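Since the structure comes first, as structure tokens, the remarks are kept for the end.
The values are calculated or read from the model by the stated rules, or taken from the named source; none is laboratory data. In this text the structure is predicted, and so the values were computed from the model without any measurement. Reconstructed Cβ throughout: ideal geometry from the backbone, glycine too, with neighbour counts over all protein chains shown. Accessible surface areas use protein heavy atoms only, side chains included; no ligands, DNA or RNA. Shrake-Rupley method; radii C 1.70, N 1.55, O 1.52, S 1.80 Å.
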Amino acid sequence: MRIFVAGASGVIGVRLIPLLVEAGHVVAAMTRSPDKTGLLRELGAQPVVCDVFDADALIRAVSGFGPDVVFHQLTDLPDQAGDRARLSDRNDRMRTEGTRNLLAAAAAAGAERVIAQSISWELPAGRRRAAVAAHERAVLQAGGVVIRYGQLYGPGTYYEGDPPEPPRIHVDDAARQALPALAAPPGVTLVADDRAGPAGPTG
């Protein structure tokens with residue numbers, strides 16, 4: 001398959017791309033940072049530099065690749081966990097306007113499905129919860145698959161040492177467990193590891 005990964009340079013994206021390439025898929029990897037194209041090329045993908053908030057450029061980029069599947073791994077999170085509440089509006093916009101633009105681009109390109117990341121824990125009532133709900137609703141209405149990940153831990157995440165409270169998932173497992181979504185029916189799937197005992201990578 002031809003697979004377009006938006007948010008390719010994120011902590012899941014950089015792990016997902018090699019798995020897709022190893023499985024024989026042709027992968028386009030979107031980033032808004034030209035500095036990351038070399039990394040994405042090394043991972044085996046065709047780099048695409050584009051900003052999801054430039055709707056016209058996004059449609060051209062996705063249509064130019066002609067994907068069967070679009071993976072939505074886009075987030076706009078700060079580098080430091082302590083800044084999440086202060087800068088939450090950025091990720092809310094990604095879940096609303098960013099999702100809307102990517103779905104429109106996928107439809108314009110004739111993609112057969114969109115697979116989008118979400119979260120498996122409930123946020124307090126307010127704009128952040130509303131943004132997540134709008135994001136999931138838009139993907140499902142488009143006949144897509146929503147992956148609700150547990151809190152990510154492991155290298156490159158906010159929890160590189162001690163894992164967070166459940167629901168949680170090691171970032172390596174999160175990438176591996178995203179692959180079955182390629183064949184999953186439209187709907188919601190949960191990717192979390194809440195087993196008792198010491199937390200750590202599986203598989």
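One compactness figure for the chain is 0.96, namely its Cα radius of gyration divided by 2.2 N^0.38 Å. The portion of the accessible surface of the chain made up by carbon and sulfur, rounded to a whole percent, is 50 (1.4 Å probe; DNA, RNA and ligands excluded). Per-residue ellipticity at 222 nm, computed for the chain from helices alone with -39500 (n - 2.57) per DSSP H run of at least four residues, works out to -9000 deg cm²/dmol.
Considering only Val171, Val21, Val52, the Gaussian network model of the chain with Cα springs below 10 Å gives its largest mean-square fluctuation to Val21.
Accessible surface for the chain, divided over its residues, is 48 Å² per residue with a 1.4 Å probe. What GluC sites (Glu not before Pro) does segment 101-179 have in DSSP loop regions with at most 16 other beta carbons within 10 Å? For GluC sites (Glu not before Pro) across segment 101-179 that sit outside H, G, I, E and B with at most 16 neighbouring Cβ atoms in 10 Å, the list reads Glu112, Glu122, Glu160.
Within segment 16-114, the trypsin sites (Lys or Arg not before Pro) that combine a DSSP coil assignment with at most 11 other C-beta atoms in a 10 angstrom radius are Arg86. A dipole drawn for the chain from +1 and -1 charges on Cβ atoms has a positive end, and of Gly24, His72, Ala174 the residue lying farthest that way is His72. Taking a Cβ cut-off of under 12 Å around Tyr158, the surrounding Lys, Arg, Asp and Glu residues balance to a net charge of -2, with basic ones at +1 and acidic ones at -1.
Looking at the chain, send over the antiparallel percent of its DSSP beta bridges, to the nearest 5. Once the DSSP bridges in the chain are tallied, antiparallel ones form about 0 percent.
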